[in-house]
Amino acid sequence: MGKVKESMHTAPCMFCGQMVQFMAKDLLGEEEAQELAAMHCSCAEALEYKKEKNRKENALKNVSKLFGEDAGEGKRVNDEIVEILMAAVKEIYTGGLAKVTLNLRGGVKASISQNAKGEINVERIETRKQKLTE
Ligand SMILES: [Zn+2]
């Protein structure tokens, strides 16, 4: 994998319009440049936006840790289910959904929800019942 070439850009913050300088890959669309400018701006809206974006990225990482490629042997569920969970995080982040619970095979539940503070919780609930019948 080669290193992506970067260069200095100047673009207005998408919230306050202040011109911001930042390093990024060579070719940027206008919207992309304004978003990156916001990521490097310190106005209140930009800070809030960064916080929200980090939340979403952390939630996506948590999905990967609990169910995806970072979950490890025996815990990893199939990619289609991970995709559904990732899609749920995005939908919760944009406000379309409040909570999603999936019942997976093998007594595992996946739950994604947003609390009152706006944080996104990703939970793995294992209900492994052991029953012996004589
Ligand atoms: Zn700004």
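Remarks
- Once segment 108-126 is narrowed to residues that are among the basic types (Lys, Arg) and open to solvent by 60 Å² or more (accessible area, probe 1.4 Å), the residue that is modelled with the lowest pLDDT is Lys117.
For (1) touching a residue at least 24 places away in the same chain (Cβ under 8 Å); (2) of a type in the set (Ser, Thr, Tyr); (3) within 26 Å of Val122 (Cβ to Cβ), each residue gets a yes or a no:
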site: Ala33; (1), (2), (3): yes, no, no
site: Cys43; (1), (2), (3): yes, no, no
site: Val63; (1), (2), (3): yes, no, yes
site: Asp79; (1), (2), (3): no, no, yes
site: Ile84; (1), (2), (3): no, no, yes
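- Test for Ala11: is it more than 29 Å from Ala87 (Cβ to Cβ), open to solvent by less than 90 Å² (accessible area, probe 1.4 Å) and either touching a residue at least 12 places away in the same chain (Cβ under 8 Å) or more than 16 Å from the ligand (Cβ to nearest atom) (or both): yes
- Filter pass, Val77 being touching a helix residue (DSSP H, G or I) at 6+ places or on another chain (Cβ under 9 Å), at pLDDT 95 or above and surrounded by 11 or more Cβ atoms within 10 Å (Cβ to Cβ): no
- Applying the condition of being over 20 Å from Gly118 (Cβ atoms) and more than 6 Å from the ligand (Cβ to nearest atom) to segment 36-51 and asking which residue is surrounded by the most Cβ atoms within 10 Å (Cβ to Cβ) yields Ala37.
- For segment 52-80, the set of residues classified as small (Gly, Ala, Ser) and more than 20 Å from Glu119 (Cα to Cα) consists of Gly68, Ala71, Gly72, Gly74, listed by residue number.
- Per-region count, segment 24-34, residues open to solvent by 40 Å² or more (accessible area, probe 1.4 Å), away from the ligand (no atom under 12 Å from the Cβ) and closer than 21 Å to Glu45 by Cα: 3
The values are calculated or read from the model by the stated rules, or taken from the named source; none is laboratory data. The structure presented is a predicted model; accordingly, all values stated were derived computationally and were not measured. Cβ coordinates were reconstructed from backbone atoms using ideal geometry, including for glycine residues, and neighbour counts include every protein chain displayed. Keep in mind that these areas ignore ligands, DNA and RNA; they rest on the heavy atoms of the full protein, side chains included. Shrake-Rupley method; radii C 1.70, N 1.55, O 1.52, S 1.80 Å.
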